[in-house]
Amino acid sequence: MTSLKPILSHIDNIPSTPGKFKPEKSPLHYLHHRLRLHTTLPRITLWTLVFLAFIFLFFFLSPPYTAAPRRGLRTTATYFGSGWENQVKASAKPRSRSGHTVLVTGAAGFVGSHASVALKHRGDGVVGLDNFNSYYEVSLKKARKSHLLDRAGVFIVDGDINDAVLLRKLFGIVHFTHVLHLAAQAGVRYAMVNPSSYIKSNVDGFVNLLEVSKSVNPQPAIVWASSSSVYGLNSKVPFSEKDRTDQPASLYAATKKAGEEIAHTYNHIYGLSITGLRFFTVYGPWGRPDMAYFFFTKDILKRRTISVFEGPDHATVSRDFTYIDDILKGCLSALDTAKKSTGSGGKKKGEAQFRIINLGNTSPVSVNKLVSILEKLLKVKAKKKVVLMPRNGDVPFTHANITLARKQLGYRPTTDLETGLQKFVKWYLDYYGGKKKGSW
Ligand SMILES: O=C(O)[C@H]1O[C@H](OP(=O)(O)OP(=O)(O)OC[C@H]2O[C@@H](n3ccc(=O)[nH]c3=O)[C@H](O)[C@@H]2O)[C@H](O)[C@@H](O)[C@H]1O
C-alpha cells in the first residue's frame, strides 16, 4: 500500500504564517524543488481521482433509496394526472342537481358493483374505489369493473382505503355528499388463515376513511356494511338490533363489531352521520366465489364432493339468505334517508344521525335445502358429505328481525331463495360458460 507521506510532504513547505514565505535562492535548490513538484503532482492527481471515483461509486452507483411500499398500497403519485381527474369528475357528476354524489368503496366487489350501477342508473354521481386484492378471482373483479365503465359510466379508482393521500385527493376534486363504504375483508372462515387482513381493511381502513371524512367540509353522510355475524352466539331469534352483540364467533365478526363501535365514536365526536347495515348472507349474480352457494355450484358441476355442515346432534345449519336486489333497495334507501353530517372542519356542530339496521330476508333456509335447490337448478345430483360444523367462525343459524329496516327504510325483501338462486345459476352458466361475459 502506498504511504501517504509523499503526498503530504509538500504541505510541509507551505508556511503556517502568511507573508513569511521566502523563495530559496540556490538554482540547484530550485531544480530540486521543481523535480519534487513534478513527481508529487501526478500523485496528487491520482489520489484526487481515486477519491472522486469513490464518491461517484458511493453516491451514483448505489441503489436509489425508496421508502418500502406498504403491502397492497400503490404510490399515490401514479394516480394523479389531468386525464385521471377528468375521469373521476365525469363519473362523479349526477344527472340532476338533486342527485347524490357517492363514493362507493369496494366498487369492484359483489355488493359494491351492483350498488354503483343502481345508483348511476337512477341518476346519482358515482366514483368507485377498490384495491382489487386477490382474496378471490381478480378476473371477476376486473370483469365487474369493465361492466361498470361500459354499461354505466362508473369509473373505479384502483386504490386502497388505507391510502389517506388518495382519499384526500378524491375529496379534494369531488364534493361527495355520501360514502357507501363496502370495501372490507369478507369471509368468516378465512379469518383463521389471514387474521391481519381483517384488521387492515375492516379496522385500519375504516378508521382512515372516517378520519378523512370527518375532516372534509362539508362532511359526507356515511352508509356502510356491517354484518349479521356480529350476533355471534346470540340464540334469541329473530336477531334484533337490540340483542347482544358481544359474543363474536369469528375475527371477521369481531372486526365488524369493532367497526360499529368506531363508527359511534366518530358520530359522537365529529358529528358524522353514520348508518351501519347488518347484511345477512347476501347472494346473487356476480357474487363472491368464497361463499357456499357459489362454490357448491362450481363443485356440483365438477362432480366434486361438497361438505354440508350440521350442528351437534344433527342439528341443521341455516342462514337468512338475502338476495342482492333486496339488499340494494336497502342500501339506496339508507342513502336517501341519511341525514346530513353536522360537523365541519373536524368539529362537531350538533347531534348527528347514528343508525344500525338489519338487512335480512326473515326467512332462514337450511344448508341442506340450499343444496337441493342447486341440484334441481343444475340438474346434477350433488356428492355430499355431511360433517360436523368445524369451529372456524361459523355460527349455527341466522335470522333477521327487519322491523327497524321496514320503519326506517321502507325495506321489504321480495325474493325467496329459489327465485334468487335461479338468477344466480343463469348468470353463473353464462359467465363461466366460456366467454367470461355474463349479463348484468
Ligand atoms: O351474513 C354475514 O354477515 C356473512 O355472510 C356470509 O357468511 P356465511 O353466512 O357464513 O355464508 P357462507 O360462507 O356462504 O356459508 C353459508 C352456509 O353454508 C355453510 N357451509 C359453508 C361452507 C361449507 O363448506 N359447508 C357449509 O355447509 C355455512 O355453515 C353456512 O351455514 C359471508 O361470507 C360473510 O362475509 C358475511 O357477510
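The values are calculated or read from the model by the stated rules, or taken from the named source; none is laboratory data. Not measured: the values here are computed from a predicted model. A quick note on method: Cβ atoms are made from the backbone with ideal geometry, for glycine too, and the neighbour counts reach across all protein chains shown.
Below is a table of values for the structure above.
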quantity: Cβ pairs under 6 Å, 6+ apart, first in the stretch 214-232 and more than 17 Å from SER250 (Cα to Cα) and among the aromatic types (Phe, Trp, Tyr), second at pLDDT 95 or above and within 16 Å of the ligand (Cβ to nearest atom); calculated: TRP224/HIS181; TRP224/GLY276
quantity: Odd one out for ASN86 among (1) farther than 17 Å from ALA334 by Cα; (2) touching a residue at least 24 places away in the same chain (Cβ under 8 Å); (3) surrounded by fewer than 24 Cβ atoms within 10 Å (Cβ to Cβ); calculated: (2)
quantity: Long-range neighbours under 7 Å by Cβ, at least six apart or interchain, first residue under 16 Å from SER363 (Cα atoms) and assigned to a strand (DSSP E or B) within the stretch 392-404, second within 9 Å of the ligand (Cβ to nearest atom) and of a type in the set (Ser, Thr, Tyr); calculated: PHE397/SER318; ALA400/SER228
quantity: Candidate set: the stretch 235-252, residues that are more than 21 Å from THR362 (Cα to Cα) and in contact (Cβ under 8 Å) with a residue 60 or more places away in the chain; chosen: the one nearest to the ligand (Cβ to nearest atom); calculated: TYR252
quantity: Any strands (runs of 3 or more DSSP E) falling wholly within the stretch 139-236 and containing at least 1 residues that are under 25 Å from PHE354 (Cα atoms) and of a type in the set (Gly, Ala, Ser); calculated: 221-227
quantity: Residues within the stretch 382-393 that are surrounded by fewer than 17 Cβ atoms within 10 Å (Cβ to Cβ), within 25 Å of ALA254 (Cβ to Cβ) and not aliphatic (A, V, I, L, M), tallied; calculated: 3
quantity: Qualifying residue in the stretch 202-215 (condition: surrounded by 20 or more Cβ atoms within 10 Å (Cβ to Cβ) and within 14 Å of the ligand (Cβ to nearest atom)); calculated: yes
quantity: Single match in THR414, THR362 (criterion: in a loop (DSSP other than H, G, I, E, B), more than 29 Å from the chain's Cα centre (by Cα), touching a residue at least 40 places away in the same chain (Cβ under 8 Å) and within 16 Å of the ligand (Cβ to nearest atom)); calculated: THR362
quantity: Exclusive hit being more than 24 Å from LYS256 (Cα to Cα), crowded, with 16+ Cβ neighbours inside 10 Å and more than 16 Å from the ligand (Cβ to nearest atom), set LEU148, LEU167; calculated: LEU148
quantity: Filtered residues of the stretch 293-314 (kept if within 15 Å of LYS383 (Cα to Cα) and among the acidic types (Asp, Glu)); calculated: ASP299
quantity: Count of the stretch 310-345 residues which are within 12 Å of the ligand (Cβ to nearest atom), surrounded by 16 or more Cβ atoms within 10 Å (Cβ to Cβ) and among the hydrophobic types (A, V, I, L, M, F, W, C); calculated: 3
quantity: Every pair of residues 6+ apart whose Cβ atoms lie under 6 Å, when the first sits in the stretch 329-341 and is assigned to a helix (DSSP H, G or I) while the second is among the basic types (Lys, Arg); calculated: none
quantity: Condition met for ALA352 (assigned to a loop (DSSP other than H, G, I, E, B), among the hydrophobic types (A, V, I, L, M, F, W, C) and at pLDDT 95 or above); calculated: yes
quantity: Conditions (1) within 27 Å of the chain's Cα centre (by Cα); (2) farther than 26 Å from THR245 by Cβ; number of the one not met by ASN368; calculated: (1)
quantity: Matching residues in the stretch 112-137 - criterion: being buried (at least 24 other Cβ atoms within 10 Å of the Cβ), of a type in the set (A, V, I, L, M) and in contact with a helix residue (DSSP H, G or I) (Cβ under 6 Å, 6 or more places away or on another chain); calculated: ALA115, VAL126, VAL127
quantity: Residues of the stretch 280-298 classified as more than 9 Å from the ligand (Cβ to nearest atom), over 22 Å from the mean Cα position of the chain (by Cα) and surrounded by fewer than 23 Cβ atoms within 10 Å (Cβ to Cβ), total; calculated: 1
quantity: Within the stretch 346-357, considering residues that are buried (at least 20 other Cβ atoms within 10 Å of the Cβ) and hydrophobic (A, V, I, L, M, F, W, C), the one farthest from the ligand (Cβ to nearest atom); calculated: ALA352
quantity: Residue within the stretch 75-93 that is out of contact with any strand residue (DSSP E or B) (no Cβ under 6 Å at 6 or more places or on another chain), over 19 Å from ALA221 (Cβ atoms), assigned to a helix (DSSP H, G or I) and charged (D, E, K, R) present; calculated: yes
quantity: SER134 over 15 Å from LEU335 (Cβ atoms) and at pLDDT below 95; calculated: no
quantity: Candidate set: the stretch 256-279, residues that are in contact with an Asp or Glu (Cβ under 9 Å, 6 or more places away or on another chain) and under 11 Å from TRP224 (Cα atoms); chosen: the one nearest to the ligand (Cβ to nearest atom); calculated: ARG278
